[in-house]
Amino acid sequence: MSSTELPFVPPANVLPKVAPVRVAEGERLRSVELPGVTLTVRSRPPAREGLPPALYVHGLGGSSQNWSALMQQLEDAVDGEAVDLPGFGDSPPPDDGDYSITGHARAVMRYLDASGRGPVHLFGNSLGGAVATRVAAVRPDLVRTLTLVSPALPEIRVQRTAVPTGLLAVPGVAGLFTRFTKEWTAEQRVRGVMALCYGDPGRVTPEGFRNAVEEMERRLQLPYFWDAMTRSARGLVNAYTLGGQHALWRQAERVLAPTLLVYGGRDQLVGFRMASKATRAFRDSRLLTLPEAGHVAMMEYPETVAGAVRELLADVAACAGGVRDFSGGEGTFDATEGASGGGAGMSGSTNSGS
């Protein structure tokens, strides 16, 4: 191990007291102990009994709070829960220190098996999108539909703005970064994250910004914060290099569940051009493009994303076959033409894989 690399922090360590995780009005938080891992699960009581179950999986550096806005929008459509992946949010590190895509996917599958809620409508953003793709590919019995917001699937030409995040996977970089940014305030860090993840950071309300700062202050007190970030980034990069049946794009082709793909035209972490490849890879896919959105469209435009999810759920419920026209929103938008113009576009297709 490099002298500049952060050491693994085992879960048995005595952790300092930190501020409690924020729970929005109407939400509940509980801890679930599973073999080798303890997960914190955020839930929102459904508007009525009998709604189908849903599970939301966040991205790198995120938490279940990233889904609060969308969960509220869909509380009359699904019985939603959002999980904090091991080492993120309020979930402690996994016992084995495995932050790979497979490790995170295993934690999600263990929770679904233990809860008996499957098959669920599964949601994933960024890293969580890669995790959800692997879950849907290897355990189709657990997934009814799949919704991916800017999924972190392999790209040959990575955007320049995404390079610093990828560099976290390089041994020693995280240690250097923490020393370089030691004097940064939580406010500065949050502004940097929002500038990277939002298409328009101005859409964040003052209350939302204050909540994000409080969460950042809490996380920075956790001794395993950078370890979880570094190892998860390394796990994602390693997943990009896998070939054969374990390759993420190959697994995307194996997904049987009807899939909604959401891409933002101003995404600085996942290339917008990947939208067209994704629609070819997922055999039963629908594409929602949001030209003004960044990497977390479900946080920037929860109403629009929720509307697309409702159409997917209605389509599945009606068992519609073949090609269906999903045109809607303020206008149609072709993902292959770039991110010019305003409004959102929706297109539907049934593919046989690429």
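The values are calculated or read from the model by the stated rules, or taken from the named source; none is laboratory data. For clarity, every value in this text was computed on a predicted model and none was experimentally measured. Because the Cβ atoms are built from the backbone with ideal geometry, glycine has one as well, and the counts that use them run over all protein chains shown. Heavy atoms of the whole protein, side chains included, go into the accessibility calculation; ligands, DNA and RNA do not. Shrake-Rupley method; radii C 1.70, N 1.55, O 1.52, S 1.80 Å.
A few notes on this one:
- Residue within segment 78-89 that is farther than 30 Å from L242 by Cα, open to solvent by 20 Å² or more (accessible area, probe 1.4 Å) and modelled with pLDDT of 95 or more present: yes
- Filtering segment 137-148 to residues that are touching a Ser or Thr at 6+ places or on another chain (Cβ under 8 Å) and either among the polar types (S, T, N, Q) or closer than 15 Å to L112 by Cα (or both) leaves T145, L146, T147.
- Residue match in segment 229-241 (condition: small (G, A, S), open to solvent by less than 30 Å² (accessible area, probe 1.4 Å), modelled with pLDDT of 90 or more and under 30 Å from R22 (Cβ atoms)): yes
- Of all residues in segment 104-123, those that are open to solvent by less than 10 Å² (accessible area, probe 1.4 Å) and over 16 Å from L313 (Cα atoms) total 6.
A quick yes/no check of all residues on (1) closer than 25 Å to G208 by Cβ; (2) out of contact with any Pro (no Cβ under 6 Å at 6 or more places or on another chain); (3) without any contact (Cβ under 8 Å) to a residue 40 or more places away in the chain:
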{"residue": "G62", "(1), (2), (3)": "yes, yes, no"}
{"residue": "A69", "(1), (2), (3)": "yes, no, no"}
{"residue": "Q73", "(1), (2), (3)": "yes, no, no"}
{"residue": "D76", "(1), (2), (3)": "yes, yes, yes"}
{"residue": "G89", "(1), (2), (3)": "yes, yes, no"}
{"residue": "P94", "(1), (2), (3)": "no, no, no"}
{"residue": "M109", "(1), (2), (3)": "no, yes, yes"}
{"residue": "D113", "(1), (2), (3)": "no, yes, yes"}
{"residue": "G128", "(1), (2), (3)": "yes, yes, no"}
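- Residues in segment 248-297 that are among the acidic types (D, E) and either farther than 17 Å from F123 by Cα or within 17 Å of the chain's Cα centre (by Cα) (or both): E253, D267, E292.
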